[in-house]
Amino acid sequence: MSDSVLKDNYTEVLNRVKKACTKAERNPEDVTLIAVSKTKPVEMLQEVYDCGCRDFGENKVQEIMDKYEKLPSDIRWHMIGHLQTNKVKYIVDKVYMIHSVDSIKLAKEISKEALKKNVTVKVLLEVNVAKEETKFGLLTEEVFDFYNEVVDLPGLKVCGLMTIAPYVENSEENRQYFVNLKQLMVDIAAENTDNISVGELSMGMTGDYEVAIEEGATFVRVGTGIFGERNYAI
Ligand SMILES: *Cc1c(COP(=O)(O)O)cnc(C)c1O
């Protein structure tokens, strides 16, 4: 894929993000576009970096470690995939944010490894709002108790919630899930007025990021829309 295609894609997505913000009367600075670069070679990430992108999303620990070494150090790496506890130690000091905290065991491991490396890791709690059996994440009704159990762990800062909405043809079908996630965060924030750090909502992918922005997303995770289709066979 040539330079200009990536540049065109990235610019188009950025423009659509801005348009969605305008429509929703939101400040575009409150929405971060994460370029989801899983399976893509570092050369492609570099091209998108050169267009101004600093936020990249990956779902495999090994891939983050490889790319981290080869790309500029001011990139903010977002771990957006399911994270096994035994791999936390490899990335805890490399990632800007872990979007996929879905078990107490994982939260405790992040806390432990963060303390060892003397860092504080920003995390989001992953919620399976659509109750899809194939997906990881907490059920909506579990999130309150879960939040209270992890909020005071040292070395870890709970910044908000994340969800992976179902794959749908019509993005409007996912609007309700985004509304639900936002409401859940508002409810958590209302109960925890002493902890004002919960404000981030990671929701929206290539097929539905504009709807997610209209409903309050602060991070959208766009892969295919920037890098094109992924080929898992290679
Ligand atoms: C792959 C992935 C994305 C990006 O998906 P696209 O449909 O290609 O934009 C977003 N979020 C997560 C958690 C992913 O694994």
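The values are calculated or read from the model by the stated rules, or taken from the named source; none is laboratory data. What you see is a predicted model; the values in this text were computed from it and never measured. When we count neighbours, we look across all protein chains shown, and the Cβ atoms used for this are built from the backbone with ideal geometry, even at glycine. Heads up: the accessible areas ignore ligands, DNA and RNA and are worked out on the full protein's heavy atoms, side chains in. Shrake-Rupley method; radii C 1.70, N 1.55, O 1.52, S 1.80 Å.
Note on V61: accessible area is roughly 10 Å² with a 1.4 Å probe, heavy atoms of protein only.
Show me the chymotrypsin sites (Phe, Trp or Tyr not before Pro) within the range 159-223 that DSSP assigns to loop and that have at most 16 other Cβ atoms within 10 Å of their Cβ. Let's see the in-between values first.
Values: sites: Y167, Y177, F178, Y209, F219; in loops: Y167.
Taking the range 159-223 and a limit of 16 other Cβ atoms within 10 Å, the loop chymotrypsin sites (Phe, Trp or Tyr not before Pro) found are Y167.
Shape annotation for the range 163-234: C-alpha extents along the principal axes are 48, 25, 17 Å, from largest to smallest. Here the accessible area is traced with a 1.4 Å probe on the protein chains. For the range 107-149, carbon and sulfur cover 49 percent of it. Based on alpha carbons, the Rg and Dmax found for the chain are 17.0, 50 Å.
When GluC sites (Glu not before Pro) are flagged only if DSSP places them in a loop and at most 12 other Cβ atoms lie within 10 Å, the longest unflagged stretch of the chain comes out as 26-132. Each Lys or Arg adds one and each Asp or Glu subtracts one; over the other residues with Cβ under 13 Å from the Cβ of N128, this totals -4.
In the complete set of protein chains, residue-level accessible area for Y232 is approximately 140 Å², probe 1.4 angstrom. Per residue, the chain exposes an accessible area of 49 Å² to a 1.4 Å probe, with every protein chain left in place. What whole-number distance in Å separates the alpha-carbon centres of the range 162-234 and the range 10-65? What the calculation gives is 14 Å, centre to centre.
Which trypsin sites (Lys or Arg not before Pro) in the range 162-234 sit in a loop by DSSP (not H, G, I, E or B) and have at most 15 other Cβ atoms within 10 Å of their own Cβ? Could the numbers behind the result be given before it?
Details: sites: R175, K182, R221, R230; in loops: R230.
Hits after loop and neighbour filter: R230.
Computed with a 1.4 Å probe over protein heavy atoms only, the accessible area of K60 comes to about 110 Å².
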